[in-house]
Number of protein chains: 2
Amino acid sequence: MIPAPYLLYIGNETDPLSVKTSRGLAYWRPQACLGQYRSSASAISLGLPDLTFAEAVQRGARTLVLGVANAGGVMSPTLVSDAVAALDAGLNLASGLHARLRDQPEIRAAAAAKHRELFDVREPPQRLPIGTGYRRPGRRLLTVGTDCSVGKMYTTLAIERRMRELGTAADFRATGQTGILIAGSGVPVDAVVADFIAGSVEQLAPARRDGGWDLIEGQGSLFHPSFAGVSLGLLHGAQPDVIVLCHEPGREHMRGLPGRKLPPLAVCLQANLEAARLTSPEVVCAGVALNTASLSEADARRVCSEVSQSLGMPCQDPVRDGVSRIVDRVLSFDIEGVA
Amino acid sequence: MIPAPYLLYIGNETDPLSVKTSRGLAYWRPQACLGQYRSSASAISLGLPDLTFAEAVQRGARTLVLGVANAGGVMSPTLVSDAVAALDAGLNLASGLHARLRDQPEIRAAAAAKHRELFDVREPPQRLPIGTGYRRPGRRLLTVGTDCSVGKMYTTLAIERRMRELGTAADFRATGQTGILIAGSGVPVDAVVADFIAGSVEQLAPARRDGGWDLIEGQGSLFHPSFAGVSLGLLHGAQPDVIVLCHEPGREHMRGLPGRKLPPLAVCLQANLEAARLTSPEVVCAGVALNTASLSEADARRVCSEVSQSLGMPCQDPVRDGVSRIVDRVLSFDIEGVA
């Protein structure tokens, strides 16, 4: 677990996309985000208090989160010296960068000297188990998608929030870097060694007996020719009782692959259910979550309504409408949750 | 490429299973195996000449192959000192062990001093590409299976041998440690980082324009809950024109998973064809290869005949019968081989 609360590092970043991870953290875990660290007033603001490392420590911050995505994934000298200063001030470090904190000699030395911890969230855990597919107790939901980056993390977190509002025990289980920083723990499933994909997810959402839900963040798509292996191993390891299908209407092609069309929703849904049955024979789909950011309000309503009618299940845009109807359907299923 | 010819290391091994990899090498690449190195006369013999390291070098050997599987995957002090002696004598080293050659300080030092190369065949290559699924020229065949260890490597190598007998250009593309040692190159696909499974196979069997075949060794099974992600990424990356289904009749459960039944052949075949169509829309199955080692001659014939009739395609045991009818069917297909 990454110790909270956090100070979010912005540095000199002026490109909104480069602080996507920090923004996700500020949105989904506001109570965990004490402030932001900016090197200049022209850098992007997430609307949090600007704090120095010393001020953040004084207010109780435990970890500086390097939730920035810089070109090439390397750590600039400025970033390294800021990181060392944060360690010296008493903060731990968490990073979602490609370059590893522990591969930077100055950072490693400062962390050792100050007995601080370094969290590289793209680094998978050591000694993962091989999956077994044996039934385990618990209630599990997995988001699946027609493509990468269609809103699976957002949808999963929205379902967690809604279930908790309803008094249902529910925990988001992160499988990507932003999700891991938001949750404070998780497994970067696309970074594990191929033999351990399913096993890593069995470990992430193990047997559970309190009646609560594990809500597992999906990755990729069974129809993405670059990453489908990750999605299938994740599906088998998750052993979901319920899946929720995520999609962005109007997307011209699979992410990163011009010319490669997205699968029809019904085809994608059936393929996921069929594959999931290997480890979860009674799996059902509770609904569809659409990212309609590119559509007008009227078009978004029309598309949601059409999808809902054609597939016979709730369809909502989690950002515009929340996920209450999808969650109501999840909770209406008679899921035993025992193996 | 691992430089041939090879000297095969047996050491003191007395368990036939522990020299499985060396035996495969001696069987499939006899012309590449000059001899064996045994520490005692009671060790297993592969029927090759017993040579010292110096004798092997004198006869032209380039690489000592540590094709032994010892308990725990660690390197014993004897193994390490033998490896150092081989380097000193002028041999390169190739290993299929879990423990890495380059993690042994004495071995690394001796290799550096003598300018010899170390090949850890379980170590995936650096800088793998992300797969794209775009059509590439070439003729490609992939073996798929109902389970792990049902004869996919043997079948693929038997198809290579038969095609070459017929004068057809064909190259085995290895995806597992034994296969890599046999071929002298390949990618240990179950050891690559999950995001790169498909990409690693696209690199292993890239665009090919000479009209010849790439024969890709399959791994695992779409129906094995531990490893299906590997199998799916391999299927997409292989982009096969033709698949051959491998199976061992009578197996009680999926490998390593008591209680988990194997899928019916027809179900397994359809699932593989359907998944393969994502990157190879016209994919077909040329036949079924059965490992009937546990059956009597009569039972083996009966089972092959039944499978052949029910699926409408050739079915052979590659060990008992070879693969000539399967290969005839492969070559009867009208496969353009251009993207």
Can you confirm whether segment A:162-178 contains a residue that is open to solvent by 30 Å² or more (accessible area, probe 1.4 Å) and modelled with pLDDT under 95?
yes
Filter result (away from every other protein chain (no Cβ under 14 Å) and either open to solvent by less than 10 Å² (accessible area, probe 1.4 Å) or not in a helix (DSSP H, G or I) (or both)) within segment B:181-195:
B:LEU181, B:ILE182, B:GLY184, B:SER185, B:GLY186
In segment B:197-216, anything without any contact (Cβ under 8 Å) to a residue 60 or more places away in the chain and either touching a helix residue (DSSP H, G or I) at 6+ places or on another chain (Cβ under 9 Å) or crowded, with 22+ Cβ neighbours inside 10 Å (or both) is listed as B:LEU204
Qualifying position, being among the charged types (D, E, K, R) and under 23 Å from the mean Cα position of the chain (by Cα), among A:ARG108, A:ARG100:
A:ARG100
Filtered residue count, segment B:1-55, keeping only those that are in contact (Cβ under 8 Å) with a residue 60 or more places away in the chain and over 20 Å from the mean Cα position of the chain (by Cα):
2
Here's a check for you: in segment A:122-149, which residue that is assigned to a loop (DSSP other than H, G, I, E, B) and open to solvent by less than 10 Å² (accessible area, probe 1.4 Å) is farthest from A:VAL330 (Cα to Cα)?
A:GLY131
Restricting to segment A:155-180, name every residue that is more than 14 Å from every other protein chain (Cβ to nearest Cβ), hydroxyl-bearing (Ser, Thr, Tyr) and either in contact with a Gly (Cβ under 8 Å, 6 or more places away or on another chain) or within 27 Å of B:VAL189 (Cβ to Cβ) (or both).
A:THR156, A:THR168, A:THR178
Matching residues in segment A:89-119 - criterion: being open to solvent by 80 Å² or more (accessible area, probe 1.4 Å) and part of a helix (DSSP H, G or I):
A:ARG102, A:ASP103, A:PRO105, A:GLU106, A:ARG108, A:LYS114
Output for segment B:311-334, where each listed residue is buried (at least 18 other Cβ atoms within 10 Å of the Cβ) and not charged (D, E, K, R)
B:MET313, B:PRO314, B:CYS315, B:GLN316, B:PRO318, B:VAL323, B:ILE326, B:VAL327, B:VAL330
Checked against (1) aliphatic (A, V, I, L, M); (2) touching an Asp or Glu at 6+ places or on another chain (Cβ under 7 Å); (3) farther than 17 Å from A:MET153 by Cβ, A:VAL230 satisfies every condition except (3)
Please work out which residue is surrounded by the fewest Cβ atoms within 10 Å (Cβ to Cβ), limiting yourself to segment B:12-64 and to residues that are of a type in the set (Val, Ile, Thr) and assigned to a loop (DSSP other than H, G, I, E, B).
B:THR14
Of all the residues that make up segment A:129-141, how many are away from every other protein chain (no Cβ under 14 Å) and touching a Gly at 6+ places or on another chain (Cβ under 7 Å)?
3
Complete set of residues in segment A:6-30 that are over 9 Å from A:ILE44 (Cβ atoms) and among the β-branched types (Val, Ile, Thr)
A:THR21
Residue set B:TYR154, B:TYR134; condition hydroxyl-bearing (Ser, Thr, Tyr), over 30 Å from A:HIS253 (Cα atoms) and not assigned by TED's automatic domain parsing to the domain that holds B:TYR27; output residue B:TYR154
Counting only residues that are open to solvent by less than 50 Å² (accessible area, probe 1.4 Å), assigned to a helix (DSSP H, G or I) and farther than 19 Å from B:ASP334 by Cβ, segment B:150-161 contains a total of 7
Scanning for something of a type in the set (Val, Ile, Thr), assigned by TED's automatic domain parsing to the domain that holds A:ASN291 and modelled with pLDDT of 95 or more, does segment A:74-90 turn up at least one residue?
no
Checking A:ALA293, A:ALA289 in turn, the sole residue that is within 24 Å of the chain's Cα centre (by Cα), among the hydrophobic types (A, V, I, L, M, F, W, C) and open to solvent by 20 Å² or more (accessible area, probe 1.4 Å) turns out to be A:ALA293
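The values are calculated or read from the model by the stated rules, or taken from the named source; none is laboratory data. Computed from a predicted model, the values in this text were never measured in an experiment. Note that we place each Cβ from the backbone using ideal geometry, even for glycine, and neighbour counts take in every protein chain shown. The protein model used for the area step is the full one, side chains on, heavy atoms only, and it has no ligands, DNA or RNA in it. Shrake-Rupley method; radii C 1.70, N 1.55, O 1.52, S 1.80 Å.
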